[in-house]
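Notes for the one structure printed next.
The values are calculated or read from the model by the stated rules, or taken from the named source; none is laboratory data. Everything numeric here is computed off the predicted structure, so don't read it as measured data. Glycine gets a Cβ as well: all are built from the backbone with ideal geometry, and neighbour counts include every protein chain shown. For accessibility, only protein heavy atoms count, side chains too; no ligands or nucleic acids. Shrake-Rupley method; radii C 1.70, N 1.55, O 1.52, S 1.80 Å.
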Amino acid sequence: MEITAKTIIADVLKACPASVEVFDKFNMGCMSCMGVANESIEKGSRMHGLDPEEVLTELRKFVAGSKA
């Protein structure tokens, strides 16, 4: 799965459920948020005062590592 700033958070969680660890690391609490089905990584990151690129880098590393 290619993960971009426009990728919907729920799609990442469906493709790699363990990626919740990354969202938890950034205190995003995505599993309890109703907007997770419609929010992009970029929007969710910005809502939490985070740099979307930092979140994307961590997600990409995590997902790549979980498939190895």
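Some points to look at:
- Considering (1) in contact with a Ser or Thr (Cβ under 8 Å, 6 or more places away or on another chain); (2) at positive phi, the lone condition that ASN27 does not fulfil carries the number (1).
- Residue in the range 40-63 that is at pLDDT below 95, open to solvent by less than 50 Å² (accessible area, probe 1.4 Å) and more than 11 Å from the chain's Cα centre (by Cα) present: no
- Residue match in the range 38-51 (condition: on the phi > 0 side of the Ramachandran plot and assigned to a loop (DSSP other than H, G, I, E, B)): yes
- VAL22 vs. criteria assigned to a helix (DSSP H, G or I), over 13 Å from ILE3 (Cβ atoms), open to solvent by less than 60 Å² (accessible area, probe 1.4 Å) and in contact with a helix residue (DSSP H, G or I) (Cβ under 6 Å, 6 or more places away or on another chain): no
- Within the range 7-19, the set of residues being open to solvent by less than 50 Å² (accessible area, probe 1.4 Å), under 17 Å from LYS61 (Cα atoms) and either assigned to a helix (DSSP H, G or I) or out of contact with any Ser or Thr (no Cβ under 7 Å at 6 or more places or on another chain) (or both) comprises ILE9, VAL12, LEU13, ALA18, SER19.
- Residues (part of a helix (DSSP H, G or I) and surrounded by 11 or more Cβ atoms within 10 Å (Cβ to Cβ)) located in the range 27-37: CYS30, MET31, GLY35, VAL36, ALA37
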